[in-house]
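Asker: Could you have a look at this structure, given as structure tokens, before my questions?
The values are calculated or read from the model by the stated rules, or taken from the named source; none is laboratory data. What you see is a predicted model; the values in this text were computed from it and never measured. All Cβ positions, even for glycine, are placed from backbone atoms using ideal geometry, and neighbour counts span all protein chains on display.
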């Protein structure tokens, strides 16, 4: 057996000798880290979404522990949506109506509404600074790039030309126009507590867009921003995310949502992320509430346990999918168990801010 192992080791070393030794490859495995340690996904924009007022976004900005102590929670916020809530989609979906330039502009207006969304986040942080003190950092924001859906020929005109999304040239032109719009509008607001650090590619695989992100990445980098992606579990393109132009990628386990998926999926997803130098996504939604019928509380617990067991909390940047508003629901439906699991998760997030290994 030892001889067989030695032979296999030699073969592996030879196989990897053209790029790096097998030993070095194993040594170099690591999760991705980022200037954002903990990134909250805020689903905002579509007409069916909540407005994200100051009151609504507060549970994502500050956590109140069972003993009454308050502390800052997420240090980053990703604002995103997949459609406008009226049937116009921002990602390729067969049989759905592709969003036009007019809808893209509507989404921008929705994002920058006064008293909601980004504006509410900025105000919320300012209010809590006065209460619990300065967090010692500026909260970071990642905004979403809507997808120029391949094959769409009725998006609209740019500089008098009707764009044809069967062509990378026209797709890239639309994204470039949108990047200029969203970045300039963010800076025009003069937010006191927010810093724009990245742009997010909302399509979760590259089945339809193919190589488009390679053309988009330079446009993002020209604004001194990071190109961010969160593919679903083993989504097409996950294994060549650097080649596709992304700067940081968070891998989705997609375990929480179906109870027939074993907890081993979490370890598998974490191993994939580690092998390919990605970060991880934590997932839960309002079904995690303890005091509801058919609760998935234990599945949220499984994520926390796996992230502890696999050292994700101590070594990886993390994005947090929490459904539409599960943190709000945890407060609205209080019980000791809901408080306990939120205190446990928030405790890790608070401690992560003290970890220098989580900063590039």
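Asker: Let me spell it out: the conditions are (1) in a loop (DSSP other than H, G, I, E, B); (2) surrounded by fewer than 20 Cβ atoms within 10 Å (Cβ to Cβ); (3) modelled with pLDDT of 95 or more, and residue 360 meets all of them except one. Which number is the exception?
Answerer: (3)
Asker: Is region 222-240 home to any residue that is buried (at least 18 other Cβ atoms within 10 Å of the Cβ) and over 24 Å from residue 30 (Cα atoms)? Working first, answer last.
Answerer: We begin by selecting, within region 222-240, every residue buried (at least 18 other Cβ atoms within 10 Å of the Cβ); these are 225-231, 235, 237-238.
With the extra rule that they be over 24 Å from residue 30 (Cα atoms), the set shrinks to none.
No: region 222-240 contains no residue that is buried (at least 18 other Cβ atoms within 10 Å of the Cβ) and over 24 Å from residue 30 (Cα atoms).
Asker: Looking at (1) out of contact with any strand residue (DSSP E or B) (no Cβ under 7 Å at 6 or more places or on another chain); (2) at negative phi; (3) modelled with pLDDT of 95 or more, which one does residue 21 not meet, given that it meets all the others?
Answerer: (3)
Asker: Now for a different question. Can you tell me which residue among 152, 139, 187 is at pLDDT 95 or above, over 24 Å from residue 205 (Cβ atoms) and crowded, with 19+ Cβ neighbours inside 10 Å?
Answerer: On the way: 152 fails: over 24 Å from residue 205 (Cβ atoms); 187 fails: crowded, with 19+ Cβ neighbours inside 10 Å.
Only one candidate passes the filter, namely 139.
Asker: Okay, next question. So how many residues does region 186-218 have that are in contact (Cβ under 8 Å) with a residue 12 or more places away in the chain and more than 18 Å from residue 238 (Cβ to Cβ)?
Answerer: Narrowing region 186-218 to residues in contact (Cβ under 8 Å) with a residue 12 or more places away in the chain: 186, 189, 191-218.
From what's left, more than 18 Å from residue 238 (Cβ to Cβ): 186, 189, 191-199, 215, 218.
Of the residues in region 186-218, 13 are in contact (Cβ under 8 Å) with a residue 12 or more places away in the chain and more than 18 Å from residue 238 (Cβ to Cβ).
Asker: For residues in region 163-172 being out of contact with any helix residue (DSSP H, G or I) (no Cβ under 7 Å at 6 or more places or on another chain) and within 28 Å of residue 232 (Cβ to Cβ), which is surrounded by the fewest Cβ atoms within 10 Å (Cβ to Cβ)?
Answerer: Residues of region 163-172 out of contact with any helix residue (DSSP H, G or I) (no Cβ under 7 Å at 6 or more places or on another chain): 166-167, 169-170.
Next cut, within 28 Å of residue 232 (Cβ to Cβ) only: 166-167, 170.
Details: 166: 11, 167: 13, 170: 19.
Result: 166.
Asker: A further question follows. Does residue 42 satisfy the condition of being outside any loop (DSSP other than H, G, I, E, B), touching a strand residue (DSSP E or B) at 6+ places or on another chain (Cβ under 6 Å) and assigned by TED's automatic domain parsing to the domain that holds residue 326?
Answerer: Working: outside any loop (DSSP other than H, G, I, E, B): yes; touching a strand residue (DSSP E or B) at 6+ places or on another chain (Cβ under 6 Å): yes; assigned by TED's automatic domain parsing to the domain that holds residue 326: yes.
Considered against the rule, which asks whether it is outside any loop (DSSP other than H, G, I, E, B), touching a strand residue (DSSP E or B) at 6+ places or on another chain (Cβ under 6 Å) and assigned by TED's automatic domain parsing to the domain that holds residue 326, residue 42 comes out as yes.
Asker: Take region 100-114 and flag every residue that is in contact (Cβ under 8 Å) with a residue 24 or more places away in the chain, part of a loop (DSSP other than H, G, I, E, B) and out of contact with any helix residue (DSSP H, G or I) (no Cβ under 8 Å at 6 or more places or on another chain).
Answerer: Scanning region 100-114 gives a single hit, 100.
Asker: Follow-up question, since we're still on this one. Could you say whether any residue in region 58-66 is surrounded by fewer than 17 Cβ atoms within 10 Å (Cβ to Cβ), touching a helix residue (DSSP H, G or I) at 6+ places or on another chain (Cβ under 8 Å) and either farther than 27 Å from residue 284 by Cβ or free of Cβ contacts under 8 Å to residues at least 24 places away in the same chain (or both)?
Answerer: Among the residues of region 58-66, not one is surrounded by fewer than 17 Cβ atoms within 10 Å (Cβ to Cβ), touching a helix residue (DSSP H, G or I) at 6+ places or on another chain (Cβ under 8 Å) and either farther than 27 Å from residue 284 by Cβ or free of Cβ contacts under 8 Å to residues at least 24 places away in the same chain (or both), which makes the answer no.
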